[in-house]
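The values are calculated or read from the model by the stated rules, or taken from the named source; none is laboratory data. Source: prediction; values computed, not measured. Here the Cβ positions follow ideal geometry from the backbone for every residue, glycine too, while neighbour counts run over all protein chains shown.
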């Protein structure tokens, strides 16, 4: 994770467009100013950032489904459950499944596991829109390359 | 078997916590019932699932923005019911 850049995903492990699933992984940094406040003497990965990690994982799936032609924007998070603590240095596995692809919106179910134990899960709604400008799409492609997203990745769809 | 309108009204009542008896065929989802675009996504999801269709929300929005249609044509519930019936019929054709 590069928390300072709000990049919560380290690597896309797999995208399966046929099953509309994605799995990613991320390691919580051992140090971050975030942990100075959350919490002093007891550093924990904030739950809202775990939710963001699920949203970003879902987002990459939706970018793949839309062939990088449209952009998902977070619209709603439902039934979010934060089951266990995640601490600095731990490596988590994140997965998401596309539950419904509507007109201009999509809904995923996402979860995070740590050592195969459930950490958190949620149902996430996105608005699917055209990229607001070419700069954003170009930057998204750069970030995509950093996390291992390529046009070849969705080939199993 | 409930009508298309009844199904929609029940979905709206449950999704938006609006009293069922205040939802009429003449009600405008936005202007009368106060449903915003985010809540309408939940309604659209429930309608898509209930009827096995995909409400063309983007197309409708574009038509309204282009002045080719009014919101009444799609968001007055009796009209929305008619649009859904058309989509269901087209799916089965």
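Filtering the stretch B:7-36 to residues that are surrounded by 14 or more Cβ atoms within 10 Å (Cβ to Cβ) and without any contact (Cβ under 8 Å) to a residue 12 or more places away in the chain leaves B:10, B:13, B:32. Among the residues of the stretch B:13-43, those that are in a helix (DSSP H, G or I) and within 12 Å of chain A (Cβ to nearest Cβ) comprise B:15, B:37, B:38, B:39, B:40, B:41, B:42, B:43.
Looking at residue B:91, is it over 12 Å from the mean Cα position of the chain (by Cα), assigned to a helix (DSSP H, G or I), modelled with pLDDT under 95 and on the phi < 0 side of the Ramachandran plot? Spelling it out, residue B:91 is indeed over 12 Å from the mean Cα position of the chain (by Cα), assigned to a helix (DSSP H, G or I), modelled with pLDDT under 95 and on the phi < 0 side of the Ramachandran plot. Residue B:10 meets all of the listed conditions (1) over 12 Å from the mean Cα position of the chain (by Cα); (2) more than 14 Å from chain A (Cβ to nearest Cβ); (3) farther than 20 Å from residue B:86 by Cβ but one, namely (1). For the stretch A:98-146, filtering for residues that are touching a helix residue (DSSP H, G or I) at 6+ places or on another chain (Cβ under 8 Å) and in a strand (DSSP E or B) leaves 19. Whether any residue in the stretch A:40-51 is more than 16 Å from the chain's Cα centre (by Cα) and within 13 Å of chain B (Cβ to nearest Cβ) is what I want to check. No, there is no match, as no residue in the stretch A:40-51 is more than 16 Å from the chain's Cα centre (by Cα) and within 13 Å of chain B (Cβ to nearest Cβ).
Conditions tested, residue by residue: (1) over 12 Å from the mean Cα position of the chain (by Cα); (2) within 14 Å of another protein chain (Cβ to nearest Cβ); (3) at pLDDT 95 or above.
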{"site": "A:54", "(1), (2), (3)": "no, no, yes"}
{"site": "A:81", "(1), (2), (3)": "yes, no, yes"}
{"site": "A:92", "(1), (2), (3)": "no, no, yes"}
{"site": "A:100", "(1), (2), (3)": "yes, yes, yes"}
{"site": "A:105", "(1), (2), (3)": "yes, yes, yes"}
{"site": "A:119", "(1), (2), (3)": "yes, no, yes"}
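Of all residues assigned to the stretch A:17-32, at least one qualifies as being at pLDDT 95 or above, surrounded by fewer than 13 Cβ atoms within 10 Å (Cβ to Cβ) and in contact with a strand residue (DSSP E or B) (Cβ under 8 Å, 6 or more places away or on another chain). Checked against (1) touching a residue at least 40 places away in the same chain (Cβ under 8 Å); (2) over 23 Å from residue A:48 (Cβ atoms); (3) in contact with a strand residue (DSSP E or B) (Cβ under 9 Å, 6 or more places away or on another chain), residue A:141 passes all but condition (3).
Evaluating residue A:36 against the criteria (1) closer than 30 Å to residue B:56 by Cβ; (2) away from chain B (no Cβ under 14 Å); (3) not in a strand (DSSP E or B) leaves one unmet condition, (1).
Here's the yes/no breakdown for (1) surrounded by 18 or more Cβ atoms within 10 Å (Cβ to Cβ); (2) more than 13 Å from chain A (Cβ to nearest Cβ):
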site: B:48; (1), (2): yes, no
site: B:55; (1), (2): yes, no
site: B:59; (1), (2): no, no
site: B:67; (1), (2): no, yes
site: B:71; (1), (2): no, yes
site: B:77; (1), (2): yes, yes
